[in-house]
Amino acid sequence: MLRRVRVLNVSLLLILTVLSVSHAYQTKTITLHLENRPTVSLRGLDSKGVAYVSYNDFVHALALPAARNDTARKFEARVAAHRAKVSANNPFVVITELATNTASVSQLPQSVILTDTTYYVPLPSFLDLFSRLSPSEMYYDSLSSSIYFGTKAPGKQFDITGIELEPRLNGYLMTIKASRKLNEVEAWLKQDGWLFVTVPEATVDTMAFKRARTFGAIREILVFPSPTSVQLTFRVAPDVQPPAEIISDPTSNNIYISLRTRSEIQRAELERKRQEILQQKIDSVRARWKLDVIVIDAGHGGKDPGTVGVAGTKEKDVALSIALKLGRLIEQNMKDVKVVYTRKTDTFVELYRRSQIANEAGGKLFVCIHCNSTPRKPSNVKGLEIYLLRTGKEDSAIEIAERENSVIQLEENYQQRYKELISEESFILLTMAQSAFMRYSENCAEILTSSLANELNSKRGKVRQAGFYVLVGASMPSVYVETGYLSNRDEERVLRSARGQNKIAQGLFKGIKEYKETYEKTLREGDK
């Protein structure tokens, strides 16, 4: 059953291939004229004026030794002292010299076409190549679709036999077809729209040029033969721009001339400018959002001591000491970053003013440093916690936020200033502005918890969410770090000691450094 399915699939593929080819190409008959032998009909195709002949038929008609490999999609024939191998959907022909087994590669202007098991090669370029391998004379007459092999074509054989024009991505490619190699060809495109091609010591089939169809870049063709040269003159379209470039092809007798159009030149220039402007905008955005300002907020201060530990340690002192140590580490090791402090001394700073300072400084990261506590002291509760600005879902997180937010009562006229934060609905609306930075805030919090755990050799802290007023209004990624519990005797000893504060500052610094690298990598990748 499986074999039948495979056979059916192969049959369908062959049918689709034949249908596709028949749609893209027109079938035709090529007549092969052999010296002292009857003519032979060869299968052929035509695509946009380019004629193809069946390599299978051609080789068979000449009785040349050949081998076809349908699995590899290659066909090889022996021509005199060489082997010529073509490949499906490939313009390259591998020529192997039998005496030395040396291989070389020649390129045809068009690729070989494979339909079913028949290989079609483009004429007359393939005959140009084939004639160099064979001792017999060879000529293709496009008017009669005839190949003359080992015999003279009726009438005179011209050096220049016709012209083709193909649209390309950057303009047009003109092919002046030649039956032999022509030297010292010159092309000159004047500003008045006339292209002059001079071919010394050559003859031209003037009738073929009269029958040639003009389109695209070519509006008119004039031919002026003389005893010493051929002058081909073309009136080109207004958007064709100098220079006209002759393209050398050692594998072909044909003359190839590249014509660039103004529309393509302008399009390329516009695209270059568009890319340049786009890159400038990207660079501007990257520069704007580069993490070059970090705002460190030491919690409480002045008349607001914050929580007080079992042994009398004040939160405001611990927070300030860690903030200053962290700031020095950043200043010493991250030279491209400016550190801004909401306070550097034991002073009272209102909550609203802290995020205001961060915004005015153009901060790209807002780090608030605090110490935690439980309502009853002493307590066994301990551990690092980092908070993000969202409405709290856990009772313990809500209690901590309420306690920290209660400091607004020390400010003058606090009822009026914070009235919009009192109701939950208003608070949610105000914190929505932070949602644009929440992804980065979450990333920073995760990195900081891991970094602190490694530095302190402790259990990884939690990332939680709660409605801390101090974070409201900060137009940047923000984290609220509870460095430990002063209500726990062991953690209080760590938090009040210089060694403990240094380790916390080191953990925060390493985490911020890692976050900066990750954050700016997203900017470089355009993920803003």
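Miscellaneous remarks
- Of the helices (runs of 4 or more DSSP H) entirely within segment 393-509, those holding at least 2 residues that are modelled with pLDDT under 90 and surrounded by fewer than 16 Cβ atoms within 10 Å (Cβ to Cβ) occupy 395-405, 414-417, 419-422, 424-431.
- Cβ-Cβ under 9 Å pairs, at least 6 apart or on other chains, segment 265-280 side part of a helix (DSSP H, G or I), far side at pLDDT below 75: Ile265/Asn170; Ala268/Asn170
- Of the residues making up segment 309-339, those that are assigned to a strand (DSSP E or B) and either crowded, with 19+ Cβ neighbours inside 10 Å or in contact with a helix residue (DSSP H, G or I) (Cβ under 7 Å, 6 or more places away or on another chain) (or both) are Lys314, Val339.
- Unmet criterion (only one of (1) assigned by TED's automatic domain parsing to the domain that holds His33; (2) at pLDDT 80 or above) for Leu143: (2)
- Tally, over segment 335-370, of residues that are among the hydroxyl-bearing types (Ser, Thr, Tyr) and within 13 Å of Ala298 (Cβ to Cβ): 4
- Segment 187-202 - residue that is surrounded by fewer than 16 Cβ atoms within 10 Å (Cβ to Cβ) and in contact (Cβ under 8 Å) with a residue 24 or more places away in the chain and, of those, farthest from Pro238 (Cα to Cα): Glu201
- Unmet requirement for Asn170, which otherwise passes all of (1) in contact with a helix residue (DSSP H, G or I) (Cβ under 7 Å, 6 or more places away or on another chain); (2) closer than 19 Å to Thr251 by Cβ: (2)
- Flag for Ala77 being within 17 Å of Leu32 (Cβ to Cβ) and in a loop (DSSP other than H, G, I, E, B): no
- Scanning segment 344-375 for residues that are assigned to a loop (DSSP other than H, G, I, E, B), farther than 19 Å from Asp292 by Cα and either within 46 Å of the chain's Cα centre (by Cα) or not aromatic (Phe, Trp, Tyr) (or both) turns up Lys344, Thr345, Asp346, Thr347, Val349, Glu350, Ser373, Thr374, Pro375.
- Members of segment 87-98 that are part of a strand (DSSP E or B) and either over 17 Å from Ala67 (Cβ atoms) or within 34 Å of the chain's Cα centre (by Cα) (or both): Ser87, Phe92, Val93, Glu97
- Among the candidates Asp249, Asp205, Asp192, residue that is under 20 Å from Ser142 (Cα atoms) and not hydrophobic (A, V, I, L, M, F, W, C): Asp205
- The listed residues are Ser145, Ser131, Ser125, and the only one of them that is in contact (Cβ under 8 Å) with a residue 40 or more places away in the chain, surrounded by 19 or more Cβ atoms within 10 Å (Cβ to Cβ) and of a type in the set (S, T, N, Q) turns out to be Ser125.
- For segment 57-81, the set of residues classified as at pLDDT 90 or above and touching an Asp or Glu at 6+ places or on another chain (Cβ under 7 Å) consists of Ala66, Ala67, listed by residue number.
- Members of segment 89-118 found to be aliphatic (A, V, I, L, M) and farther than 21 Å from Ser252 by Cβ, listed by number: Leu98, Ala99, Leu114
The values are calculated or read from the model by the stated rules, or taken from the named source; none is laboratory data. Remember, predicted model here, so these are calculated numbers, not experimental data. As a convention, Cβ positions derive from the backbone with ideal geometry for all residues, glycine included, and neighbour counts pool all protein chains shown.
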